[in-house]
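Reviewing the structure listed below.
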Amino acid sequence: MGGAFFLLGLLIVGVAGVELVNRAAGSFGRVEHLTGAVNGAQNGEYWRLTTTDGTQYYFGRNRLPGWVSGNPETNSTWTVPVFGDDAGEPCHQSTFAASWCQQAYRWNLDNIVDVHGNSLAHYYAKETNYYGRNLTASAGTSYVRGGYLLRTEYGLRAGAEYSTPALAMAVYTVAERCLRSATDCAESNIAVHPEYWPDVPADRLCAAGATCTGKFSPTFFTRKMLTAVTTRVRSGTGYTWCQPSRRAVAARDGGCAARCGTPAAAAAGTWTRTAAT
């Protein structure tokens, strides 16, 4: 693998095989392009970045070590249909219409392991959409148009991410990017009142099984906004809320103010602390 590209804003220079050396700003680490993960990407592609202190950062791992059926996946790899129109390219078939497959366009950080075997995990939610593949409105095809972070689990041990509960976690609460009351902002209401979501391109939404007329390319956006970050610590067989910190979200009208705090507090970027219950 040759050439150069950017990952996490750092210049990556290719060397032999799948190993890549980071020469940005005098920092020498290793970035490896790996395969075999069960993450929805072609060949299960994912990445491992190892820093000079031995800490390993995984992007798109999806199923952490020890995963078995019923365990959660991190949902960290986001995919989109890609065409391979030339012989030898991934996804290439005998006709152009058939020469496509789902490939990853974004690998989110989902696992960090240090040299002492301490592990951290990020879990995400995917937001899917459909478009008319190959300029065919009836060929609605799914892709991941966006997503958001659900929680971060701390105090795990490498290889036992599922068998041993996290010692602590941060939970990220989201809401619709809507400027009305909770009733008006029900997810299904976007089809009737897209104006309630002023920065969401509702006209690009297409549902599963629908005819995606005029929607012939993927578009990438989210319908969610972060409304709170809460922390929990392990206590016995469960978790205790640990004085969660909540970020006030800017209120644009009375409906949002009722849910998100006063506009003045939001504008000031105020953090409020709520007693644990």
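The values are calculated or read from the model by the stated rules, or taken from the named source; none is laboratory data. What you see is a predicted model, and the numbers here were worked out from it, not measured in a lab. So basically every Cβ, Gly included, is an ideal-geometry build from the backbone, and we count neighbours across all protein chains shown.
Take the residues in segment 211-227 that are within 25 Å of T183 (Cβ to Cβ) and out of contact with any helix residue (DSSP H, G or I) (no Cβ under 9 Å at 6 or more places or on another chain); name whichever of them is surrounded by the fewest Cβ atoms within 10 Å (Cβ to Cβ). Give the derivation first.
Let us first name the residues in segment 211-227 that are within 25 Å of T183 (Cβ to Cβ), namely 221-227.
Now drop any that are not out of contact with any helix residue (DSSP H, G or I) (no Cβ under 9 Å at 6 or more places or on another chain), which leaves 222, 224-226.
Numbers: T222: 15, K224: 17, M225: 15, L226: 13.
Per the stated criteria, the residue is L226.
Can you tell me which residues in segment 57-80 are of a type outside the set (S, T, Y) and over 25 Å from V31 (Cα atoms)?
Of all residues in segment 57-80, those of a type outside the set (S, T, Y) come to 59-68, 70-73, 75, 78, 80.
Correct list: V68, G70, N71, P72.
Scan segment 119-137 and report the pairs whose first residue is farther than 20 Å from Y105 by Cβ and whose second residue is β-branched (V, I, T), with Cβ atoms within less than 6 Å and a gap of 6+ or a chain change.
From residues that are farther than 20 Å from Y105 by Cβ, the pairs are S119/V113; L120/I112; A137/T211; A137/T213.
Please work out which residue is nearest to A98 (Cα to Cα), limiting yourself to segment 122-134 and to residues that are crowded, with 17+ Cβ neighbours inside 10 Å and more than 13 Å from the chain's Cα centre (by Cα).
R133
Among the residues of segment 150-158, are any at pLDDT 95 or above, more than 25 Å from D53 (Cα to Cα) and part of a strand (DSSP E or B)?
Pass one, segment 150-158, residues at pLDDT 95 or above: 150-158.
After this cut, where a residue has to be more than 25 Å from D53 (Cα to Cα) as well, the list is 150-151.
Within this subset, residues satisfying the condition of being part of a strand (DSSP E or B) are 150-151.
Yes, some residue in segment 150-158 is at pLDDT 95 or above, more than 25 Å from D53 (Cα to Cα) and part of a strand (DSSP E or B).
(1) without any contact (Cβ under 8 Å) to a residue 12 or more places away in the chain; (2) surrounded by 18 or more Cβ atoms within 10 Å (Cβ to Cβ): which one isn't true of T230, the others all being true?
(1)
Can you pull out the residues in segment 51-82 that are surrounded by fewer than 17 Cβ atoms within 10 Å (Cβ to Cβ) and among the hydroxyl-bearing types (S, T, Y)?
Scanning segment 51-82 gives T51, T52, T55, S69.
State yes or no: is T152 among the hydroxyl-bearing types (S, T, Y) and either buried (at least 17 other Cβ atoms within 10 Å of the Cβ) or at positive phi (or both)? Before you say what the answer is, go through the steps one by one.
Working: among the hydroxyl-bearing types (S, T, Y): yes; either buried (at least 17 other Cβ atoms within 10 Å of the Cβ) or at positive phi (or both): yes.
Criteria met by T152.
It is to be established whether one or more residues within segment 89-106 are small (G, A, S), farther than 30 Å from T237 by Cβ and free of Cβ contacts under 8 Å to residues at least 12 places away in the same chain.
From segment 89-106, those small (G, A, S) are 94, 97-99, 104; that's our starting set.
Restricting the remaining residues to those that are farther than 30 Å from T237 by Cβ gives 94, 97-99, 104.
Now drop any that are not free of Cβ contacts under 8 Å to residues at least 12 places away in the same chain, which leaves 94, 98.
Yes, segment 89-106 has at least one match.
Which of (1) part of a loop (DSSP other than H, G, I, E, B); (2) at pLDDT 95 or above does V144 not meet, given it meets every other one?
Failed condition: (1).
Would you check if there is a residue in segment 143-161 being closer than 15 Å to S76 by Cβ and among the hydroxyl-bearing types (S, T, Y)?
In the first step, residues of segment 143-161 are kept if they are closer than 15 Å to S76 by Cβ; the result is 144, 146-153, 161.
Still in the running and among the hydroxyl-bearing types (S, T, Y): 148, 152.
There is at least one residue in segment 143-161 that is closer than 15 Å to S76 by Cβ and among the hydroxyl-bearing types (S, T, Y).
In this structure, does C91 turn out to be touching a Ser or Thr at 6+ places or on another chain (Cβ under 7 Å) and either under 24 Å from Y154 (Cα atoms) or at pLDDT below 95 (or both)? Break it down stepwise before answering.
Working: touching a Ser or Thr at 6+ places or on another chain (Cβ under 7 Å): yes; either under 24 Å from Y154 (Cα atoms) or at pLDDT below 95 (or both): yes.
For C91, the condition - touching a Ser or Thr at 6+ places or on another chain (Cβ under 7 Å) and either under 24 Å from Y154 (Cα atoms) or at pLDDT below 95 (or both) - is met.
So V171 ticks every box in (1) among the hydrophobic types (A, V, I, L, M, F, W, C); (2) surrounded by 19 or more Cβ atoms within 10 Å (Cβ to Cβ); (3) in contact (Cβ under 8 Å) with a residue 60 or more places away in the chain; (4) more than 17 Å from R61 (Cβ to Cβ) but one. Which box is left unticked?
For V171, the failing item is (2).
If you check A137, A166, which single one turns out to be at pLDDT 95 or above, touching a Lys or Arg at 6+ places or on another chain (Cβ under 8 Å), crowded, with 18+ Cβ neighbours inside 10 Å and assigned to a loop (DSSP other than H, G, I, E, B)? Walk me through it before giving the result.
Working: A137 fails: crowded, with 18+ Cβ neighbours inside 10 Å.
Criteria check complete, one pass: A166.
Could you grab me the full set of residues in segment 66-82 that are free of Cβ contacts under 8 Å to residues at least 60 places away in the same chain and assigned to a strand (DSSP E or B)?
Of everything in segment 66-82, those that are free of Cβ contacts under 8 Å to residues at least 60 places away in the same chain and assigned to a strand (DSSP E or B) turn out to be T77, V82.
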